């Protein structure tokens, strides 16, 4: 990778606005959101239900159209791509992990991981190495219904990694897991960032997930209202307190300006 490539942020969001129409009402789900994620950085976007965090992640992945602003992934403006180009670009440069795993029920773990590169002749295939790294080698022939929730999510993460994407986007990746399996996923994501220089963005409402990241961006009513590095926190409660303080300060500012 050249120095120019390393200097290009894997994700650049500028002045993003997204609106939805409900009958005669127009709802602004995202309002003037800007965010830069550097290569090898792990960012958690925190927000309550309805804050717009899943809409933001879907926009970053090119899964939903935007009304204003721009999104660049690995130096490419998503708005400049046709539907076919966007589908191919997403498959090759964006790794996606969802709360519900989204595995193909009739495929084995190994084939689920390999799915994004099956139609790419000559593409490097590191499926088996990924399964080993994620502790799934002995589960590779099992279908999703024979795997635990934590194992299914690790398969989904391996699938997101197999094409060597520029960025990995995760939507509430521990939402369907118990606390033990959730903690294992957080440890795994942190290790992937540290060991492989992976660039990761996760949206979550869980302080324990955000604690694994390098920094937190806080979304409230469709706006980024603040953020902080996580290095000063040793436990989820301390991070949760800082998150709540930021929300209160934002509410106070809104009240003063109204």
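The values are calculated or read from the model by the stated rules, or taken from the named source; none is laboratory data. Nothing here was measured: the structure is a model prediction, and the numbers come from that model. Neighbour counts are summed over all protein chains in view; Cβ atoms, including those assigned to glycine, are modelled from backbone coordinates with ideal geometry.
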- Being closer than 20 Å to residue 9 by Cβ, part of a loop (DSSP other than H, G, I, E, B) and out of contact with any strand residue (DSSP E or B) (no Cβ under 7 Å at 6 or more places or on another chain) is the filter here, so list the residues in the stretch 41-62 that pass it. 41, 62
- Message: With the structure loaded, tell me whether residue 69 is crowded, with 20+ Cβ neighbours inside 10 Å, out of contact with any helix residue (DSSP H, G or I) (no Cβ under 7 Å at 6 or more places or on another chain) and within 26 Å of residue 29 (Cβ to Cβ) or whether it fails that test.
- Response: no
- Query: Which residue, of 140, 93, is in contact (Cβ under 8 Å) with a residue 12 or more places away in the chain and in contact with a helix residue (DSSP H, G or I) (Cβ under 9 Å, 6 or more places away or on another chain)?
  - Reply: 140
- Task: Kindly indicate whether any position in the stretch 21-29 is in contact with a helix residue (DSSP H, G or I) (Cβ under 7 Å, 6 or more places away or on another chain), over 15 Å from residue 169 (Cβ atoms) and touching a residue at least 60 places away in the same chain (Cβ under 8 Å).
- Result: yes
- Query: Among (1) modelled with pLDDT of 90 or more; (2) within 23 Å of residue 55 (Cβ to Cβ); (3) in a loop (DSSP other than H, G, I, E, B), which single condition is residue 176 missing?
  - Reply: (1)
- When you go through (1) in contact with a helix residue (DSSP H, G or I) (Cβ under 6 Å, 6 or more places away or on another chain); (2) free of Cβ contacts under 8 Å to residues at least 12 places away in the same chain one by one for residue 191, which number turns out not to apply? (1)
- Message: Checking the structure you have, find out if any residue of the stretch 36-59 is more than 22 Å from residue 161 (Cβ to Cβ), surrounded by fewer than 21 Cβ atoms within 10 Å (Cβ to Cβ) and modelled with pLDDT of 95 or more.
- Response: yes
- Query: Can you find even one residue in the stretch 212-235 that is closer than 20 Å to residue 56 by Cβ and part of a helix (DSSP H, G or I)?
  - Reply: no
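Quick check on the stretch 125-148. Is at least one of its residues assigned to a helix (DSSP H, G or I) and touching a strand residue (DSSP E or B) at 6+ places or on another chain (Cβ under 9 Å)?
No, the stretch 125-148 has no match at all.
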- For residue 87, indicate whether it is out of contact with any helix residue (DSSP H, G or I) (no Cβ under 7 Å at 6 or more places or on another chain), free of Cβ contacts under 8 Å to residues at least 40 places away in the same chain and either within 25 Å of residue 229 (Cβ to Cβ) or part of a loop (DSSP other than H, G, I, E, B) (or both). no
- Within the stretch 164-176, considering residues that are out of contact with any strand residue (DSSP E or B) (no Cβ under 7 Å at 6 or more places or on another chain) and at negative phi, the one surrounded by the most Cβ atoms within 10 Å (Cβ to Cβ): 174
